[in-house]
Every structure is written in structure tokens, then in C-alpha cells.
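Where a number appears in this text, it was derived from the coordinates with a stated rule and is not lab data. Model, not experiment: these values are computed from the prediction. We place every Cβ from the backbone using ideal geometry, glycine too, and count neighbours over all the protein chains shown.
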Amino acid sequence: MKKDSAVYENLYTELEDYEKKGVCILIDGNSASPMQVVRQHMVREAGSYMRDYEIDPEGHIESLSFVNINEKYRKNRRQKGQRAARRNSPFIQNG
């Protein structure tokens, strides 16, 4: 458990530094504080987060987004399943 605690503390410190530098921090498109990001990572049974950095023309980080990749994966699978169901439906004419 101490290892997890150190990881979360390091993440919080890193994000706090970004915030002090004016970097916009987002979770799934919504503005978030460093603590909100850490909390989401702590309860990540709901998903895993991928970082997405937006860089300005000078090479500085402008924004840092955390995207729930499990939720995107589930959503894409649902959409693909719905499209397949429509294609295979006897009530929908393909043409």
C-alpha cells in the first residue's frame, strides 16, 4: 500500500506543478484539479486513463488531458455492435 501511496503523491506533485505553470488539466474533457485526477486514478476500477498532451508552437505543454480508455473502448464496442445489429436486421433494408 505504501508503494501506491507514493505513486499517488508523486502524481499529485507533478500535476500541481503543471497547474502552477498554467497548464489546463482535463479528465474526459472536463476541467479538473490535481486532486480530482488523483482520486480518479485511485478508484480506477472504472477505467484506465491515458494522457494526452497538447503542445503549443514553442513546445510548451498547453493542456494535459486524461482520457478513460476503457470507457472509450466500451463505447466503441457498443457502437460497432449496434451497427452490426442494424446491418443484420431483417427490418432494415440495406442498400
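What the table shows:
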item	result
Likely footprinting exposure, GLU16, GLU54, fewest C-beta neighbours within 10 Å first	GLU54, GLU16
Other-chain or far-sequence residues with amide H under 5 Å of GLU62's (modelled H)	GLU54, ILE55, ASP56
Exposure proxy ranking, count of Cβ atoms within 10 Å, fewest first, for TYR49, TYR8	TYR8, TYR49
Calculated FRET efficiency for the pair SER5/GLU54, C-beta based, R₀ 35 Å, to 0.05	0.70
Karplus 3J(HN,Hα) series, Hz, for the stretch 27-33 with 6.51 cos²θ - 1.76 cosθ + 1.60 (x for Gly, Pro)	10, 6, x, 10, 4, 9, 8
Placed amide H near SER48: partners under 5 Å, 5+ positions off or other chain	ILE69, ASN70, GLU71
